[in-house]
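Here is the structure we will look at.
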Amino acid sequence: MATLLRMPEVAANATHATLAAWSKKKGEPIATGDCLAEVETDKAIVEISANGAGVMGQWLVPAGQEVEVGAPIAVLLAEGEAAGDVQALLKAAGATPAATAVAAPMQPEALCAAPAAAQDGGARLRASPLARRLAAQHGMDLARLQGSGPHGRIVKIDIERALSAPPAAAQGAPVAAAPAPAPAGASAFTEVPHSHMRRTIARRLTESKSTIPHFYLTAECRMERLLALRAEINAAASRKISVNDFIVRAVAVALREVPQANVGWTETAMRQYPQADVAVAVSTDSGLITPIVRAADRKPLSQISAEIADLAARARAGQLRPDEYQGGSFSVSNLGMFGVCEFSAIINPPQAAILAVGASQQKPVVENGELRVGTAMSCTLSVDHRAIDGALAAQWLAAFQRAIEAPLSMLI
């Protein structure tokens, strides 16, 4: 019999999600495990898979629209079943037109193309949900437009300019975005709608900075022995180990040595984590995401390196599963590869600490009363004072420093 496909809770505590693209058109057969649609969450693009075989009967929500979790988004038919009365099915399920956002039956041809439009040999075309919805309403081909948003993302103003352009320009070569007209005395600007990820980052970081009593500890780690060991390993290994891989391993070792710092704060209790689940900050086109290396204190350096590389690549492609970026007991943010010397990071609640790592730099150091050139890396630990006191934080930072400066010890 016909069934309703509802918007799943693709991320913990999510109330809404954007239906980024449909992967099945009306009348297309569905096999168990097939991707039915792609949903944009705060952090990634998640596929909705079919639990059984059947036929796509009817879309209820167009691609690019934000939908409440639990709201019907499509009607699925059993194999051999004819399309029934969609309204009767919705009424029987207790759904209302407001809940479905689109009550009347809609033809796929009137909506966005099923999978997101592609360009550059199959790469995902970047467009905001609002831009996709406007393009669908006006029957526009997004692949013919040139976006003015970050990294070429197509935004609302690009659709509006294309609609106002002469027909020959609208149907010919890609439409280049022109600077927005500015009021007298004002600078020109383009408004780019906030993505789910950017709104979530803004909300969580504002909450963290305004409600968590941060304090900061900074230490300089001598890097000569670690850099020499890394060079020796990379000369013989097929996979190159990065300094960041050593840092994540050192964080895990320090959390194992000082387990009282491997905690999270809630209003009712302290969370004591049994293993070091280290979240590693990764910059993507949409914003910052922190995929997690689970049980990093129990994994060899080579495995940590492979996992970080895989997680980072899939994070930038928007292909992480929610369980791969939700949770974690401690975070690492490394800007050393950008030449940043020192900075402090904002804690990601309910975690109680985050380590900000700067670049390794040559600088004058004093050894045995003599001045010489050494290599040092500055690290700043941001701590939630509700969960970790100053002495405990200093104890953890000292354990991390020992692991970095005696790198062989963290490999045992």
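Values for this structure:
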quantity	calculated
Accessible carbon and sulfur surface of the range 279-412 relative to its total accessible area, %, 1.4 Å	55 percent
Largest to smallest principal axis extent of the C-alpha atoms in the range 272-412, angstrom	53, 32, 31
In order through the range 381-389: 3J(HN,Hα) via Karplus (6.51 cos²θ - 1.76 cosθ + 1.60), integer Hz, x for Gly, Pro	9, 8, 10, 7, 5, 5, 9, 10, 7
Debye intensity ratio I(q)/I(0), log10, the range 349-412, q values 0.20 Å⁻¹ (C-alpha model)	-0.95
Evaluated at q = 0.28, 0.30 Å⁻¹: base-10 log I(q)/I(0), Debye formula over Cα of the range 240-280	-0.95, -1.02
Surrounding net charge for Gly358, when Lys and Arg each add one and Asp and Glu each subtract one, Cβ distance under 13 Å	-1
Where the range 1-74 is the region considered: accessible area per residue in Å², 1.4 Å probe	38 Å²
Length-normalised contact order for the range 358-412 - Cα pairs under 8 Å, 6+ apart - percent	23 percent
Nonlocal amide H pairs with Leu320, under 5 Å, H built at 1.01 Å	Ile45
Amide H contacts of Arg6 (H built 1.01 Å from N, under 5 Å, at least 5 apart or other chain)	Ile73
Thr375-Glu68 FRET efficiency (beta carbon distance; Förster radius 45 Å; 0.05 resolution)	0.25
Convex hull volume per residue in cubic angstrom - Cα atoms of the range 1-79	77 Å³
For the range 243-401: accessible area per residue (Å², 1.4 Å)	41 Å²
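The values are calculated or read from the model by the stated rules, or taken from the named source; none is laboratory data. Predicted, not measured: the structure shown is a model, and the values here were computed from it. Neighbour counts run over all protein chains shown; Cβ positions are idealised from the backbone, glycine included. Side chains included, ligands, DNA and RNA excluded: accessible areas come from the protein's heavy atoms. Shrake-Rupley method; radii C 1.70, N 1.55, O 1.52, S 1.80 Å.
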